[in-house]
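Everything on this sheet refers to the single structure shown next.
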Amino acid sequence: MAKKIIVVGAGMAGSLVSILLARQGYKVTLFERNKKIGKKLLATGNGRCNISNVNVGPNRYHSMTDNFTKIPLEYIGVKETKELFHELGLDFIEGDEGKLYPRSLQASSVVQALLMELNHKNIQLIYDARIKKIEYSNKFKISLDGKNYYGEKLILATGGKSYADSGSSGDGYLMAKEFGHHVTETYPSIVQLRTDSSYNKMLKGLKVKVKAKLLDDKFQLVRDDQGEILFTDYGLSGPAILQLSTMVQPGLTHGKSYWLSLDFMEEYSEEELDVFLMDRFHRFSSRSVSEAFIGILNSRLIGPILKSAEVSANKKAGDVTKKERSCLAKTLKDFRQGVSGTYIWNQAQVTKGGVSCKEISSLTMESTLQKGLYFIGEVMDIDGDCGGYNLQWAITSSVLCARSISDSYILDK
């Protein structure tokens with residue numbers, strides 16, 4: 001008789017591990033809190049589903065447990081992921097910054113491919129399942145709507161607390177605690193940032209490409225990133241900001257301060273920019289300073305830049321002093337805003353923190369406290385950078401978990 005497996009959560013991690021185990025002959029029951037699988041997947045990559053990234057490596061992941069992802073990623077990386085999804089009928093194309101998408105550029109095709117295989121393998125899918133308690137006595141037991149479900153193995157793939165509308169409410173942490181596991185502090189990550197700038201409402205809706213730097217309270221560089229940012233009425237969003245956000249909330253919670261420095265003229269050093277401005281102001285000496293910036297800077301930025309540099313917008317470009325020109329160059333290279341916090345949990349793409357990896361085997365994803373209990377995906381204290389890294393971790397941890405349970409794990413790769 002086939003061994004029974006219980007999987008909680010039908011996102012990428014839960015669906016994939018269910019498929020892999022069913023292929024090995026296991027009888028899998030998959031519980032999903034929503035009415036359909038993959039709700040969060042459908043929103044990934046702006047609806048295109050950024051599954052992985054060619055730049056995957058341990059340096060792209062963050063955890064309270066050092067180097068936890070190193071060995072897993074050596075076994076299941078981008079190559080293995082491509083092969084696995086090819087079997088499911090999905091091939092990849094590469095986008096900017098190494099991002100890997102399904103060739104269809106539709107997140108819905110990823111969800112459909114998973115669902116077709118779940119159905120093909122006769123996996124028991126139970127929807128609208130809000131599991132509040134799990135018991136263990138030689139077997140794991142879940143009671144739901146007056147019916148009991150049993151499994152020799154239990155896999156928690158519940159996700160974290162990010163994007164709660166998708167069903168990720170932190171229930172997996174409560175389940176883990178029932179078995180004695182510790183859960184590290186959790187924070188929203190890959191999320192918009194709140195800033196204390198007086199220019200937020202003035203610039204709301206503006207998108208520009210910059211080099212963004214996150215600075216600590218001593219104005220030392222914490223991390224930087226290049227790309228598009230979006231000004232909002234509460235602060236800043238956009239890919240570059242989301243990338244920097246992974247470092248913010250833990251520090252703020254423990255009393256640190258952060259600043260965002262935006263460089264609108266990255267192609268110039270500050271000295272080169274001063275020469276550039278001197279030439280431009282000379283050529284258009286009869287124009288106002290504001291008019292002299294038209295054509296080289298988004299028109300909505302001109303006013304805030306001049307105000308920040310304390311240069312009158314109506315002053316003739318030819319009358320700008322060396323000191324004023326130097327202030328303008330500094331402001332264009334370092335338009336600074338204080339970070340007051342992260343935006344709401346429901347807008348966060350991932351959760352920083354989770355079930356402590358110190359109590360999980362990095363080779364098998366099995367609990368070191370409770371035999372037969374496994375953790376995969378975002379429920380663990382693993383969060384990746386923006387750009388497909390978190391879905392890759394969901395895939396990597398799922399494959400290792402399935403291989404471990406089915407005794408097909410190979411250590412001599």
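The values are calculated or read from the model by the stated rules, or taken from the named source; none is laboratory data. Note that this is a predicted model, so its numbers are computed, not measured. In this analysis, Cβ positions are derived from the backbone assuming ideal geometry, glycine residues included, and neighbour counts consider all displayed protein chains. Note: areas computed on protein heavy atoms with side chains; ligands, DNA, RNA excluded. Shrake-Rupley method; radii C 1.70, N 1.55, O 1.52, S 1.80 Å.
Points worth noting:
- Each of 52, 84, 125 was placed along the dipole of the stretch 43-175 (beta-carbon charges, centred on the mean Cα), and the one lying farthest toward the positive end is 125.
- Shape class of the stretch 121-186 from the Cα gyration tensor (axes a ≥ b ≥ c, square roots of the eigenvalues): oblate, since a/c reaches 1.5 or more and a/b does not exceed b/c.
- Take residue 259: with every protein chain present and a 1.4 Å probe, its accessible area is about 80 Å².
- Take each peptide in 365-371, 103-109, count the other Cβ atoms within 10 Å of every residue, and average; sorted highest first, the result is 365-371, 103-109.
- Note on exposure: 327, 49 ranked by accessible area (1.4 Å probe, complete protein assembly) read 327, 49, with the most exposed listed first.
- Among 282, 62, 181, the order of accessible area from largest down is 282, 62, 181, computed with a 1.4 Å probe on protein heavy atoms.
- Counted over the chain, the DSSP beta bridges are approximately 75% antiparallel.
- If you sort the three axes of the alpha carbon gyration tensor as a ≥ b ≥ c, you get a/c of 1.5 or more for the stretch 184-262 and a/b above b/c, which makes it prolate.
- Length-normalised contact order of the chain in % [C-alpha pairs under 8 Å, at least 6 apart]: 23
- Label-to-label distance, nm, for residues given as residue 269 and residue 36 (7 Å Cα→Cβ offset): 5.5
- Computed from label points 7 Å out along Cα-Cβ, the spacing between residue 299 and residue 316 is 2.5 nm.
- Computed accessible area, residue 42, all protein chains, 1.4 angstrom probe, square angstrom: 80
- Protection proxy ranking, peptides 213-225, 182-194, average beta carbon neighbours within 10 Å, highest first: 182-194, 213-225
- When the Cα gyration tensor is reduced to axis lengths a ≥ b ≥ c, the ratio a/c is 1.5 or higher for the stretch 221-331, and with a/b above b/c it is classed as prolate.
- Using a Förster distance of 45 Å, the FRET efficiency for residue 124-residue 96 (Cβ separation, nearest 0.05): 0.65
- Length-normalised contact order for the stretch 307-396 - Cα pairs under 8 Å, 6+ apart - percent: 20
- Correct option for volume of the Cα convex hull per residue in Å³ [calculated from the coordinates] among [x] 136; [y] 157; [z] 145: [z]
- Extension gain, residue 233 back to residue 79 (0.36 nm per residue minus Cα-Cα distance, nm): 51.3 nm
- A simple spin-label model places the labels of residue 208 and residue 55 2.3 nm from each other, with each point 7 Å out along Cα-to-Cβ.
- GNM top mover of 285, 362, 340 - the chain, alpha-carbon springs below 10 Å: 285
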